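Taking it in order: structure first as structure tokens, then the write-up.
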Amino acid sequence: MFDWLHSLYQTSALPGMNLSQLVQHGFNALTLGSLYGLIAIGYTMVYGILRLINFAHGDIFMLGAYFVFFTTVAFMPAGVACFFIAAAFYVIHGIVRGFRRRPPLPVLGLLLLFPVCGLYFTFLAPASFQLPWPLALITAIAAASFCGIVVDRIAYRPLRAAPRISALISAIGISFFIESLSVVLFTGLPRPVLQPDWLMTPMLLAEGSVRILPLSLVVPAITLVLVLGLLFIINRTKPGLAMRAISRDIETTRLMGVSVDKIIALTFALGSALAAASGIMWALRYPQIHPYMGITPGLKAFIAAVFGGIGSIHGAMIGGLILGAMEIIIIAVYPQLSGYRDAFAFTLLILILLFKPTGLMGAKLEDKI
Amino acid sequence: MLEINDLHVYYGGIHAVKGISLSIPQGQIVTLIGANGAGKSSTVRAVAGLARNTRGSILLNKATILGRDPEEIVRAGIALSPEGRRILPHLTVEENLRLGAYARNDKPGITRDLEWVYSLFPRLRERLWQKGGTLSGGEQQMLAVGRALMSSPDLLMLDEPSLGLAPLLVREIFSIIRQINSQGKTVLLIEQNAFAALSISNYAYILETGKIALHGPGQELLHNPQVKEAYLGA
């Protein structure tokens, strides 16, 4: 009667699996899930406020990976990255204090200092120069975050009053634009990313029977820190309060004196920063980057966001973790099916949309009072 | 303090307000009365900066505010408690109130006003950590008024604060409006409950199909035979 179950077990990789492999698969699942979750949060935040699927989100993920490639391998002069930092400072200041007001002296100083440093790195520093890792990461994340704000500014803000379908078409358009522009600027050649040795040297646990890459511990840890930071901003700060209010009722929130466009820009900045962080860690794990690398993880993270309940940040993270785990389990248990890993995710999307379109944590769609 | 001159508001192809002029002196309670669709809400929405398609002029202390964004108008000192209360149901009572103070940066002032709102509406203090959506209709109305007060406005606009409330609560709300006014806030009140509104107003305007049909001091209109027949049901 259960013959089919038995043969299912026999054809899987389970009989031959040992503890070490099991632990490794577990960490792989956690890592992949964290990376999906970080991207999914950006989708869900933007959707929560604008009811828009930001299709360019996967491209921000890709840009994050490229920016860290530039700042570490120093293909593009680090100076250009410095310019991005200065610009990001300016924009963040603008969001917080208003663009019309003159930035305070420290910010002006940075605005001057960074281009000067940039010129130095570009023309005078030795060619092998590379930014130290922490600085490289912050630079890349800030630059990608800035790109997220620019995407909103040029592709979505002019269409705020337009029908939602227009913004959706614009989203698809800007996504193709970023990908094509990246091919032009960075060429379509896959690039190698520098992997710091300490991340890639396996650690031996349980008397050498279990091997884990430090990277598989670092990714979930960084993800946890970033998500906690985001939740702090959303739940404990004034702009976070405005974000939560806007997601429910834009007009009333404006009546309270909230500049909606600034809060939306902040939403894009935060979501893009998380996507960039994910892109960087993705590049460390799969160290080949190319302009189209963001499409598949982007779509899968979108599935994760829908799965978790679009609009819910917890849901996006949980959806990402579950999707990552399911993908790894399928590949680990049935290696012969690994060619179908993408098809599996999309099948999941169709099933969710058919049977539980609001997702795991999705609120019931209530009418506004 | 607020002067409206020949204001027109178009709303989705409808000419909702057809050239009204009115003035609201400092420290008074002024009421707009009228049936559904008379243009009351469109008028206050235009003052608050929410109506996009407008013509005419609105001056706050002689500075024009028509065409400015709602967030600027709040900072200029005008707050609106909108029709239907529009409290944010997923935020707590305190968060709703703090959102009302979003435009301000003076912490001591915000704390003081928070205390003031809680003293006006002690029931809100009891429900501090409750989500706005779990409040009763009357409590939600109190929250909406309190939230508007949190921006420390000079002019407080209340759009139908008595709508859908039990008679006892209506009386309570009106007595609190008078209390707020006695503390120096100018009030622009929109009402269908003409009797209660006229009794506490210094001056009132009656709107019919987008135009001012009648205006005068509140007590005078209360005894006007036309008004009695059309709005007071006597």
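Key figures
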| quantity | calculated |
| --- | --- |
| Filtered residues of segment A:264-303 (kept if open to solvent by less than 10 Å² (accessible area, probe 1.4 Å), hydrophobic (A, V, I, L, M, F, W, C) and farther than 30 Å from residue A:200 by Cβ) | A:264, A:265, A:268 |
| In segment B:162-214, the residues that are at pLDDT below 90 and among the aromatic types (Phe, Trp, Tyr) | B:195 |
| Checklist (1) out of contact with any helix residue (DSSP H, G or I) (no Cβ under 6 Å at 6 or more places or on another chain); (2) not in a strand (DSSP E or B) applied to residue A:174, failing item | (1) |
| Residue within segment A:345-364 that is of a type in the set (Lys, Arg) and touching a residue at least 60 places away in the same chain (Cβ under 8 Å) present | no |
| Filter pass, residue A:233 being within 19 Å of the chain's Cα centre (by Cα), within 22 Å of residue B:88 (Cβ to Cβ), away from chain B (no Cβ under 14 Å) and not in a helix (DSSP H, G or I) | no |
| Output for segment A:246-262, where each listed residue is part of a helix (DSSP H, G or I), at the interface with chain B (Cβ under 10 Å from one of its Cβ atoms) and among the aliphatic types (A, V, I, L, M) | A:246, A:255, A:260 |
| Segment B:25-68, residues that are of a type in the set (Lys, Arg) and open to solvent by 40 Å² or more (accessible area, probe 1.4 Å) | B:45, B:52, B:55, B:62, B:68 |
| Every pair of residues 6+ apart whose Cβ atoms lie under 6 Å, when the first sits in segment A:270-298 and is touching a residue at least 24 places away in the same chain (Cβ under 8 Å) while the second is of a type in the set (Lys, Arg) and open to solvent by 10 Å² or more (accessible area, probe 1.4 Å) | A:289/A:191 |
| Any chance residue A:224 is within 14 Å of chain B (Cβ to nearest Cβ) and either over 23 Å from residue A:156 (Cβ atoms) or at pLDDT 95 or above (or both) | no |
| Some residue of segment A:232-247 being of a type in the set (Phe, Trp, Tyr) and either modelled with pLDDT of 95 or more or not assigned by TED's automatic domain parsing to the domain that holds residue A:43 (or both) | yes |
| Number of the exception - residue A:261 against (1) within 25 Å of residue B:89 (Cα to Cα); (2) open to solvent by less than 10 Å² (accessible area, probe 1.4 Å) | (2) |
| Residue in segment B:92-113 that is assigned by TED's automatic domain parsing to the domain that holds residue B:47, in a loop (DSSP other than H, G, I, E, B) and either within 23 Å of residue B:196 (Cβ to Cβ) or open to solvent by 40 Å² or more (accessible area, probe 1.4 Å) (or both) present | no |
| Qualifying residue in segment B:181-191 (condition: surrounded by fewer than 17 Cβ atoms within 10 Å (Cβ to Cβ) and either polar (S, T, N, Q) or more than 22 Å from residue B:1 (Cβ to Cβ) (or both)) | yes |
| Residue among A:236, A:244 that is free of Cβ contacts under 8 Å to residues at least 24 places away in the same chain and in contact with a helix residue (DSSP H, G or I) (Cβ under 9 Å, 6 or more places away or on another chain) | A:244 |
| Elements of type helices (runs of 4 or more DSSP H) contained in segment B:130-204, each with 2 or more residues being within 16 Å of residue B:24 (Cα to Cα) | B:167-182, B:194-200 |
| Out of A:349, A:321, sole residue that is out of contact with any Cys (no Cβ under 7 Å at 6 or more places or on another chain), of a type in the set (A, V, I, L, M), in a helix (DSSP H, G or I) and crowded, with 21+ Cβ neighbours inside 10 Å | A:321 |
| Selection within segment A:21-66 - open to solvent by 20 Å² or more (accessible area, probe 1.4 Å) and more than 23 Å from residue A:318 (Cβ to Cβ) | A:21 |
| Qualifying residues in segment B:82-131 (those that are of a type in the set (A, V, I, L, M, F, W, C), out of contact with any Lys or Arg (no Cβ under 9 Å at 6 or more places or on another chain) and farther than 20 Å from residue B:155 by Cα) - the one nearest to the other protein chains (Cβ to nearest Cβ) | B:129 |
| Matching residues, segment B:46-81, being more than 12 Å from chain A (Cβ to nearest Cβ), of a type in the set (Val, Ile, Thr) and in contact with a Phe, Trp or Tyr (Cβ under 9 Å, 6 or more places away or on another chain) | B:54 |
| Single residue of segment A:278-300 satisfying the filter (in contact with a strand residue (DSSP E or B) (Cβ under 8 Å, 6 or more places away or on another chain) and part of a loop (DSSP other than H, G, I, E, B)) that is nearest to residue A:42 (Cα to Cα) | A:290 |
| Given (1) open to solvent by 80 Å² or more (accessible area, probe 1.4 Å); (2) more than 14 Å from every other protein chain (Cβ to nearest Cβ), index of the condition residue A:161 fails | (2) |
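One line per residue, one yes/no per condition, for (1) closer than 22 Å to residue A:20 by Cβ; (2) of a type in the set (D, E, K, R); (3) surrounded by 12 or more Cβ atoms within 10 Å (Cβ to Cβ):
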{"site": "A:176", "(1), (2), (3)": "no, no, yes"}
{"site": "A:181", "(1), (2), (3)": "no, no, yes"}
{"site": "A:189", "(1), (2), (3)": "no, no, no"}
{"site": "A:199", "(1), (2), (3)": "yes, no, yes"}
{"site": "A:202", "(1), (2), (3)": "yes, no, yes"}
{"site": "A:212", "(1), (2), (3)": "yes, no, yes"}
{"site": "A:220", "(1), (2), (3)": "yes, no, yes"}
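The values are calculated or read from the model by the stated rules, or taken from the named source; none is laboratory data. What you are looking at is a predicted structure, and each value in this text was computed from that prediction instead of being measured. Backbone-built Cβ (ideal geometry, glycine too); neighbour counts: all protein chains shown. Areas reflect the complete protein model, heavy atoms only, side chains present, ligands, DNA and RNA absent. Shrake-Rupley method; radii C 1.70, N 1.55, O 1.52, S 1.80 Å.
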